[in-house]
Amino acid sequence: MVSRAKDTHTTNRVVRIEDADWAAFELAAKAKGLTRSADLRVYIKHEIAAWRRHNPEQAQALDAELAAKRAAADD
């Protein structure tokens, strides 16, 4: 089941991470002044930007597809 957070309108995602890694990741994120969620979002945005730079045609096609879905949802 996927749920939407009321305050952010983002979808909760489920990932499987070993407890020791999750605890260490919390310390690493805190050292940067971030929560684990914020640090994961930063990482994801970085990866997306790198993918877009290396795959501009696919990125443009994805943008068009997402725009069409948003437009259809608004109707």
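For the chain, with all protein chains present and a 1.4 Å probe, just round the carbon and sulfur fraction of the accessible area to a whole percent.
Summing carbon and sulfur atoms, their accessible area is 57 percent of the total for the chain.
Counting each DSSP H run of 4 or more residues in the chain as -39500 (n - 2.57), what helix-only mean residue ellipticity at 222 nm follows after dividing by all residues, to the nearest 500 deg cm²/dmol?
Helix-only estimate at 222 nm: -23000 deg cm²/dmol.
Please give the per residue accessible area of the chain, computed with a probe of 1.4 Å over protein heavy atoms only, in Å².
Averaged over the residues of the chain, the accessible area is 91 Å².
Identify which of the listed values of Rg/Rh (Cα atoms, Kirkwood Rh) was calculated from the structure shown: (1) 1.14; (2) 1.07; (3) 1.19.
Label (2) holds the value from this structure.
Can you give the FRET efficiency for residue 28 and residue 61, using 1/(1 + (r/R0)^6), R0 = 35 Å, r = Cβ-Cβ distance, to the nearest 0.05?
With a Förster radius of 35 Å, E is 0.50.
Helix 56-74 against the longest principal axis of the chain: what's the angle in degrees, Cα atoms only, rounded to the nearest 10?
For 56-74 against the chain, the angle is about 80 degrees.
Can you work out the FRET efficiency for the pair residue 37 and residue 69, with r the C-beta to C-beta distance and R0 = 25 Å, to the nearest 0.05?
Computed FRET efficiency for residue 37 and residue 69 comes out at 0.50.
The values are calculated or read from the model by the stated rules, or taken from the named source; none is laboratory data. Note that this is a predicted model, so its numbers are computed, not measured. Cβ sites come from the backbone with ideal geometry, for glycine too, and all protein chains shown count toward neighbours. Areas reflect the complete protein model, heavy atoms only, side chains present, ligands, DNA and RNA absent. Shrake-Rupley method; radii C 1.70, N 1.55, O 1.52, S 1.80 Å.
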